[in-house]
Each structure stands twice: as C-alpha cells, then as structure tokens.
1. Quick check on my filter: what residues within the range 606-650 are of a type in the set (A, V, I, L, M) and in a loop (DSSP other than H, G, I, E, B)?
2. For the range 719-734, does any single residue satisfy the condition of being within 26 Å of K633 (Cα to Cα), open to solvent by 60 Å² or more (accessible area, probe 1.4 Å) and among the charged types (D, E, K, R)?
3. Give the residues of the range 338-350 that are open to solvent by 30 Å² or more (accessible area, probe 1.4 Å) and more than 12 Å from the ligand (Cβ to nearest atom), sorted by residue number.
4. Evaluate the range 488-496: report whether one residue or more is more than 11 Å from the ligand (Cβ to nearest atom), in contact with a helix residue (DSSP H, G or I) (Cβ under 6 Å, 6 or more places away or on another chain) and touching a residue at least 40 places away in the same chain (Cβ under 8 Å).
5. Would you point out which residue out of K130, K50, K116 is at pLDDT 90 or above and not aliphatic (A, V, I, L, M)?
6. Which residue out of E449, E421 is closer than 30 Å to L293 by Cα, in contact (Cβ under 8 Å) with a residue 40 or more places away in the chain, touching a Phe, Trp or Tyr at 6+ places or on another chain (Cβ under 7 Å) and assigned to a helix (DSSP H, G or I)?
7. Of the conditions (1) near the ligand (Cβ under 8 Å from one of its atoms); (2) crowded, with 22+ Cβ neighbours inside 10 Å, H554 satisfies every one except a single condition; which number is it?
8. Select from the range 579-636 the residues that are within 16 Å of the ligand (Cβ to nearest atom), of a type in the set (A, V, I, L, M) and farther than 20 Å from L670 by Cα and list them in ascending order.
Amino acid sequence: MSKGKLAVVALIVAAIAAFFAFDLKQYLSLEVIKSQSESLKALVAANPVKTAATFFAIYVAVTGLSLPGAGILTLVAGAVFGFLWGVVLVSFASSIGATIAFLASRYLLRDWVQSKFARFLKPINEGIEKDGAFYLLSMRLIPQIPFFVINLVMGLTPIRTTTFYWVSQVGMFAGTLAYVYAGTQLAQVTSVKDVLSPGLITAFLILAVFPLAAKKIVDGIRARKVYAKWPKPAKFDRNMVVIGAGSAGLVSAYIAAAVKAKVTLVERHKMGGDCLNTGCVPSKALIKTAKLLHQIRHASDYGVKSASAELDFAQAMERVKKVVATVEPHDSVERYTGLGVECVKGSARITSPWSVEVELAEGGKRTFTTKNIVIATGARPFIPPIPGLGEANPLHSDNVWDLRVQPKRLVVLGGGPIGSELAQAFARLGSKVTQIEMLPRIMAKEDPEFSEMVARRFREDGIEVLVGHKAKEVRVEGGEKIVVVEHEGAEKRIACDEILCAVGRAANTQGFGLEELGIGLTKQRTVEVNEYLQATYPNIYACGDAIGPYQFTHTASHTAWYCAVNGLFGRFKRFKVDYSVIPWATFTDPEVARVGLNETEAKEKGIACDVFTYGIDDLDRAIAESENRGLVKVLTAKGTDKIIGCTIAGANAGETIVEFVAAMRHGFGLNKILGTIHIYPTWAESNKYAAGVWKRSTVTRGQMEVATTFNDWTRGDAGVGAVIAKLFSLGDKRPYYQVAESHGDD
Ligand SMILES: Cc1cc2nc3c(=O)[nH]c(=O)nc-3n(C[C@H](O)[C@H](O)[C@H](O)COP(=O)(O)OP(=O)(O)OC[C@H]3O[C@@H](n4cnc5c(N)ncnc54)[C@H](O)[C@@H]3O)c2cc1C
C-alpha cells in the first residue's frame, strides 16, 4: 500500500477510534439532544454563524467518516436552526460528507476491488457509466439502504464525483425535509426510526422506483420516436435482411436460416468479403510462400549443404488466387442457398427502417420489407490525404493481390498488423522493403519488447524500419515513386517502385441509406450501436468491421451472433455483446498473439497486477527447431493466479495462446494450467512454464526454511524441535524467488 493510502487509513482509524474512545456517541442520542436543545438554541441566538459553521463541520465529519449519528444530527438541525436553515445546512453538509466518504472509498479500495473482481464488475461498471445517476437517485430514495453504505459502494464504481455529489444532494433532499421537519417537532419524536412513518416510507419507495421507471419510459418513447416518420408495413417479406456477405454477414445469415427465419443476404461484390478475398486468406497464403523461401535461404542452419530457390512471383500470386478459390466454396452462394439463405447479388440500400432496396447485379431492382436489418458492410483500406499519394496509385489490401510483377523496391506505409505482415512477406519474397511508421515503434498496440522483437527480425530480413517517420508527400519522378518523409524536423526522400498503403481501415458506412435514415455514427465513422448491437433504430443491427473496434474475422462472427439472436428473439431475451476476452494474432515472424490486457494498458488504467515472463529461447521444442526466440508474458490480478492478459511472441503464438484464451473465458487460472499435462515437446509447453514462473513467485522464504529443516530432520541432521521451531518462520511471507514484476498497490 502506498504511503498516501497508509496516511489516509491512519487518519480515518484515528478519528473513528477517538469517536468511540471518548464515547462521543453519547452526545448523539435523542435524550441528550432533547435535554440540550434549549441551551443549543441559546447558543445559536448568541452566535448564529459560528454555531452553524461548527454544526456544519461536525455533520461533515460524522458523515465523511461514516460514523453513526447523521439521523440525530439532522433532527438537531431542525430543532436548533429551524426548518429553512436546518434544511440548507443538512442538505449541503450531508452531500459534502457523503462525497468525502465516497472519495476515501474510491482512493483506498476502488483499484483493488476493480482489479480483483474485474470480470464480475464489468457489466455493473457499464450500467453505472450509462445509468449511474438513476441508480444512485433510486438508492438515495430508499430509506432502508443506509446512507454510508451507498457512499462507500458508489466510491468503488466508475461514477463521476460531480455526478455523485449533485445526485446525492437531490436524492437526499426529500429525506432531509422529513427529518429536519421532525426536528422542529422534537418533543413528539420518541425514536429516530419513528421519523419515517409507514406511509412516508411507502412514498419514498414509490419515489425511488420513479427515476428508473421514468428513464425506461423515456427510452421507450425515444425509441418509438425515431420510427415516427416511417410507415410500418403491416406484414414483412423477411425476418431479416443482411447487408454484406463477409465474415459477419455470413454468420448472421447462417444463424437466421438455422432457426428457420426467412433471411436474405445481399452482397455487392464477392461472397466471403475481405477475409476470404483480400484479407486473412490471401495474406496467409502469401506469408507461407515467403516463409518457405526464408527457410530455404537458411537451410544451411539445419545442415542442408546446398539449397536454393528461385521465386516466380506471378506463380506465387497465382497460388494465392488458387488458395482463395479453394476456400471459396465455404462461403459460396451454393452453400448458403443450401442452408436456407436467400443470396442476392447486388448493392443494398436501406430505404426505411423496414425496407431494403437492392440494385441487382444482373440489372433491375428488388425491394424487401423486413422485420430486422443487419448492417455487415465491413471496411475498406483507408488512404490518408497525403499530397500525391492518390495520384501515385498506391497498392493496398484490396488490389495488392492482383500484382503479377514483383516490385523491386516497396515502401510500406503503416506499422500495424497488416502493414507488418505484408512488409515481411514482400521482403522475404525478395523486394527491398522500407516500412514507414509515424509512431515511435511498429505494432504499437503491443508492449514495447514485442514491437522490438518484431522490428529486430524485420531488420534481419533486410527491411528498413523507419519509426517516428511521417510520410508528407508522394511524387512521381521519371517513372519512380518518391515518398517524402519527415523525421525529427528533417526531410528524407525514399525512392521505390510501389507504395503499399496499410494505415488503417475505414468502415463502409456511406452511400447506402444511413445518412437518409439519420443512423448515428461514432467519431471513427463506424455505425454507432448499443450493447445489444442495435443502431439508432432498434430493429437495425450492425456488426463486424462496420462497428469495430476490433477488426478481425473472429470478432466479426462473434458480433454477428448477437445481431442474429437479438434481432430474431430479442423480444424474449436479449444478449449484451461481450468483449471481455478478445484474442488476436499478427502473423509476422515471430507471430505475436494477445488476449486481454498487456502491461502498458494495465499501467495506463492503473490496474494492479503481477507480470510473469517465460523466454521461449528456453523451450525444448523451440531449440529443437532452431526457433528458440520469443516470450510468453502473462499478467495476473495482483496476488492471484487469475489471468488478466497474455501476450506471446514466437512461432505458432496464435495457436499457443488458445489455452490462455480458454482460461480467461472460463475463469481458470495459472494454477490449473500448471496442473494440466502438456505433451512434450510442444510449443504449448511454454504456457505451462509461464505458469510455473507464477508458482515460484508464491513460494515464501518461510516455507523454504521449514522445508529445508524438515529435510534435515528426515536425514537425521536436525531434531524434531528444530522443525517445530522453524514452523514460526512460516510468517515470513517474503518471496523466495524474485520472479514477478508488480504494478499498483495491494
Ligand atoms: C490484409 C488483411 C489481412 C487480414 N488478416 C486477418 C487475420 O489474419 N485474422 C483476422 O481475424 N482478421 C484479419 N483481417 C481482418 C478481416 O478480414 C476483417 O476483420 C473481416 O473480414 C471483417 O468482416 P466483415 O464481415 O465485417 O466485413 P467484410 O469482410 O469487409 O464484408 C463486408 C461485405 O459487405 C459488402 N457490402 C458493403 N456494402 C454493401 C452494400 N451496400 N450492399 C451489398 N454489399 C455490401 C462488401 O462487398 C463486403 O463483401 C485482415 C484484413 C486484411 C485487409
């Protein structure tokens, strides 16, 4: 625990101890107050400001420290200061005191509670972020929930302090009126509890339900209002129309058909979308050729005396095309038609919340009325507005697959996953690659050591990795392309044959009716959806790259499930999208795979954690394959084996990480991974060794001393008394092995 926190704890403990040690509670009893009320009134009459200020300070201290007595003090306020001033004093003092208690709880406990129960608290946090003010207001109005409990509990949530303050003041106002008024009639009050009659309690409970009920009604009205100008058909042609047959659209349509819904899937280009045609599949196919060439070039490392390879780039690209064609039937019109999906080729436009018009590829138009619409229109390569770039006809992930002549010199703009995968692939195929990244490192979403590992490998592959370089302009001079970059104030020209632009992907959200319907977009220009993946109109859903933030095939299908199920069955049960355990991998060499938090994010978010690493240079299988490079880095909630994130770099990292994904998803920790038999010698053994590092961190000096003496005793080198005496050293909890790095407070 930090010094600051220790000081706050000490202060609170001292104040509470003083309160009880000096039996200050006795002054906060009804009898004492009644007997002293006249002399207190006299004090107010003699010195009103000073008495009011003293009372205010006492009230703030009692509530701030969560001491008993706030109810009595409120009665005193009414009895001594009268109704008006009593209400003013109590209303502000109670709100300030509550906020102090709230802040203390937040400062001392929130990080710990949030990291310890992160998964459990996630939906609560989201609810609080969205409707926190309403929950707080309701709680404040329920007299059965103690005042101090609300302060302390709310301090653990993400509610803003200002919101907490004003909602508390409003929410406590009715109670303040009741108690202060009772104080003005002090003679009739026999117990603090009597202040609230059964009738008053019922009134408060009704008031408490009111804010949330009112919000639900307002939400309902608002949801209906968006439909106001659109006439609703009496009947629908379809249960669901899905726009876009990429990874997301295919899954929504598949699920709809599987449950016998009438579903139409509209695709304007190619079934399978980006992943099949221009994304995952072709890129992995190309990476395979590049890897093979790399291995042949390094054959001598494996004892192969001579091996050489000559690349036929056009043939390699034709193979990529063939791979796509081989996978194509999985996503084909034939397959989906067979599954019960009506596949329509054409360009879809949403013309009302219940109708989609399709400009058919074969000519003509068709309009479908539909109960639900799923927007699964994906994303496209983003071409930044760099002067001259557009005119230079850059390559990007949509058109690079059409290349049949290998660029001798290639500039790759972008150090993210797509840029990095393609930069390395082209370099290994023999292009002279220069990779330009504006940020200080490539693969900037990963921890720095992983970026560095990949960058080092890239340099070994002959890639010139220019980080902190900003592309300013592109020129075409004498048949060659020149990329002008700026680095630390200086300009540099990089000549090349082709430029591959991989600086991000923009969601397809324009030109198909969203503007006309007023469907909301986020700052990133993705479709704005709620936690059920509903867009502005609750019967219009969106998924995949069209919503982000994770632009992967597996997240596209994950989100597509929610669209289909919520759209078709939402009237019975709706599911909130769950982004808690999203894995991904970048298929460079070394592969970098991640699930959950990395160390950089944990630090940024102030999440207390322990970090355990295992170097793959030590792994038998990796050594056997001369691939002994890489790292497993696991983050656990501080002081536990509960995994909150893992990054793996190394061969097959995308496969190896699955065990951590399963652990996070299903809530088992490193101890269970350690207790699982892993086949020898496999890459997955690295997971077990990482778990072993965690286990070593739990061994204390005390335990080791006892173990040593016990073994001495079994050999006859120590007496039983020594063993018993050593048991006392179990209290020494200092780690025996210093293997973990820790962040945040206990
Ligand atoms: C080079 C590259 C490599 C990648 N590698 C991986 C990887 O290894 N692993 C991974 O998980 N992800 C990878 N991705 C990302 C992955 O391809 C996408 O996240 C995924 O394809 C998104 O699926 P989607 O269904 O949301 O969109 P898309 O696949 O883009 O599908 C959207 C479809 O909607 C159609 N459409 C759009 N508007 C309309 C309209 N008005 N009417 C009719 N049809 C319309 C489009 O033609 C398109 O076919 C990669 C991407 C690229 C570019």
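The values are calculated or read from the model by the stated rules, or taken from the named source; none is laboratory data. Here the structure is a predicted model, which means the values were calculated and not measured. Heads up, the Cβs are rebuilt from the backbone with ideal geometry, glycines too, and the neighbour counts pull from every protein chain shown. Remember, those area values only see protein heavy atoms, side chains included, never the ligands or the DNA or RNA. Shrake-Rupley method; radii C 1.70, N 1.55, O 1.52, S 1.80 Å.
1. Restricting attention to the range 606-650, the residues satisfying the condition of being of a type in the set (A, V, I, L, M) are 607-608, 611, 616, 619, 622-624, 631-632, 634-635, 637, 643-644, 648-649.
I607, A608, L619, listed by residue number.
2. Yes: the range 719-734 contains one or more residues that are within 26 Å of K633 (Cα to Cα), open to solvent by 60 Å² or more (accessible area, probe 1.4 Å) and among the charged types (D, E, K, R).
3. Once the filter is applied, which keeps residues that are open to solvent by 30 Å² or more (accessible area, probe 1.4 Å) and more than 12 Å from the ligand (Cβ to nearest atom), the range 338-350 yields G338, L339, G340, E342.
4. Let us first name the residues in the range 488-496 that are more than 11 Å from the ligand (Cβ to nearest atom), namely 488-496.
If we keep only those that are in contact with a helix residue (DSSP H, G or I) (Cβ under 6 Å, 6 or more places away or on another chain) too, we end up with none.
Among the residues of the range 488-496, not one is more than 11 Å from the ligand (Cβ to nearest atom), in contact with a helix residue (DSSP H, G or I) (Cβ under 6 Å, 6 or more places away or on another chain) and touching a residue at least 40 places away in the same chain (Cβ under 8 Å), which makes the answer no.
5. Numbers: K130 fails: at pLDDT 90 or above; K116 fails: at pLDDT 90 or above.
It is K50.
6. Working: E449 fails: touching a Phe, Trp or Tyr at 6+ places or on another chain (Cβ under 7 Å).
Selected residue: E421, the only one of E449, E421 that is closer than 30 Å to L293 by Cα, in contact (Cβ under 8 Å) with a residue 40 or more places away in the chain, touching a Phe, Trp or Tyr at 6+ places or on another chain (Cβ under 7 Å) and assigned to a helix (DSSP H, G or I).
7. Result: H554 fails condition (2) only.
8. Going through the range 579-636, the residues within 16 Å of the ligand (Cβ to nearest atom) turn out to be 579, 581-595.
From the residues that got through so far, the ones that are of a type in the set (A, V, I, L, M) too are 581-582, 585, 592-593, 595.
Scanning the range 579-636 gives A585, V592.
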